[in-house]
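Some notes on the structure that comes next.
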Amino acid sequence: MRVVVTGIGLQSALGTSLQTSWQNLIAGQSGIKIHQPFLELEPLPLGMIADRPQTLGEITAPILTSALLDAGLSLSSPLVDTGVVIGSSRGFQAQWEALTRCGYTDKSQAENWLENLPHMNAIAVARKIGATGIVQAPMAACATGIVAIAQATSLIKFGQCHRVITGAIEAPITPLTITGFRQMGALAKTGAYPFDRERQGLVLGEGGAILVLESLELAQQRQAQIYGEILGFALTNDAYHPNAPDPSGKSAIIAIQKCLQRSSRQVSDIEYIHAHGTATIRNDIVESQIIQTVFTNHPYVSSTKGATGHTIGASGALGVAFSLMALKTQILPPCVGLNNSEFPVNLLNTAKEIPVQNIICWSFGFGGTNAAIALASID
């Protein structure tokens, strides 16, 4: 069964809607600014949606509404038999940190602890839309977004659902998250510069993307718009280290190769790669080696994290959304923040109008989680 995307909702540091974020992205703008959201921590570059860190629920609600409206679905009628697969790597961590700081004495927060369990954002989405189908809430580090979309795709391909609301949301700007990444030496001091010689590290960003996935049959039956088709995906693990990628990149390469095989595509068919591109020293080296090893046809490559920041578990969902916009508009987004590339890879530092039919998007997460997904314009 063929699976297509009929609606997208998105928020990022670039804007509070898909269209605003996309227009700012292709214009080469960045939503990353110096902020000091916590007085006990020094200012640092962050990709924030507003002037204060958002909660998971604050990000999810408008994105969900936008995705449903974009798909032409009624907000007043329950979406019975619809599945929900909404992931997050950090979940409600901000709320748990707040609860810890108040010493568990704030009854209003303590009484709501059940609503802050990791899977409850997906459950809340299902309640909001009246979805009585399967609900899943994957957590796979920075690969969470693509893993969620892959699981949703499988539900449709194997006939368990004809429609699934999927994606990932992240609200990672918390004292513990910032301190943890700083202790690792992974945070940038001025901004995010993927694949650049002067890259410093990652910049935390908040946001998310929700996609409406449907069987091609259902989409055509209701004459829905179609952004593109999800051809196939593959998921692997390095089994190497808690946070460092395997220097050989062998498991990531297998994920890419299996994704292409399952999508009935050759390496030469891929015109654009939406890369992980975290702007950390080690990740960009390994990822560039992977691209050079697999893609001898030199497709265009960019990472959008220089514009949005690294939205951790949501980054793959944003990547898929931006890749679908590239298919729809026939414009490839630039690698914002790239000024002087260190690698012999066909990186874009400005947007490029070009006929594009096939795209691959991937994410590599802590623990060695690798996820690749192939997208195409609908025949």
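Measuring nothing but how far apart in sequence close Cα pairs (under 8 Å, 6+ apart) lie, relative to its length, the chain scores a relative contact order of 25 percent.
This structure gives Rg/Rh (Cα atoms, Kirkwood Rh), computed directly, and of (i) 0.95; (ii) 1.05; (iii) 0.98 that value is listed as (i). Legend: calculated FRET efficiency, Leu114 to Leu39, from the Cβ-Cβ distance at R0 = 35 Å, rounded to 0.05, equals 0.70.
Restricting attention to the chain, the count of lysine pairs at 8 or more positions apart or across chains with alpha carbons under 30 Å apart stands at 20.
Oblate is the label for the stretch 3-221. Its Cα gyration tensor axes, ordered a ≥ b ≥ c, give a/c of at least 1.5 and b/c at or above a/b.
Going by neighbour counts of Cβ atoms within 10 Å, the residues Val301, Val320 line up, fewest first, as Val301, Val320. Peptides 344-356, 126-138, 163-175 ranked from most to least packed, by the mean per-residue count of other Cβ atoms within 10 Å: 163-175, 126-138, 344-356. Amide H to amide H, with H built 1.01 Å from N, Ala131 comes under 5 Å of Leu79, counting only residues 5 or more places away or on other chains. Can you find, among Gln23, Ala137, Thr296, the residue farthest towards the positive end of the dipole of the chain? Put +1 on the C-beta of Lys and Arg, -1 on that of Asp and Glu. The Cα lying farthest towards the positive end belongs to Thr296.
Of Ala307, Ile149, Gln95, whose Cα points farthest to the positive end of the dipole of the chain (charges on the beta-carbon: +1 Lys, Arg; -1 Asp, Glu; origin at the Cα centre)? The residue sitting most towards the positive pole is Ile149.
Considering helices alone, the calculated mean residue ellipticity of the chain at 222 nm is -9500 deg cm²/dmol, with DSSP H runs of length four and up weighted by -39500 (n - 2.57) and normalised per residue. For Gly232, the shell of other residues with beta-carbons less than 13 Å away shows a net charge of +3, using +1 for Lys and Arg and -1 for Asp and Glu.
None of the figures in this text is laboratory data; all of them are computed from the coordinates on show. Please read these numbers as outputs of a predicted model, since none were measured by experiment. All Cβ positions, glycine included, derive from the backbone under ideal geometry; neighbour counts span all protein chains shown.
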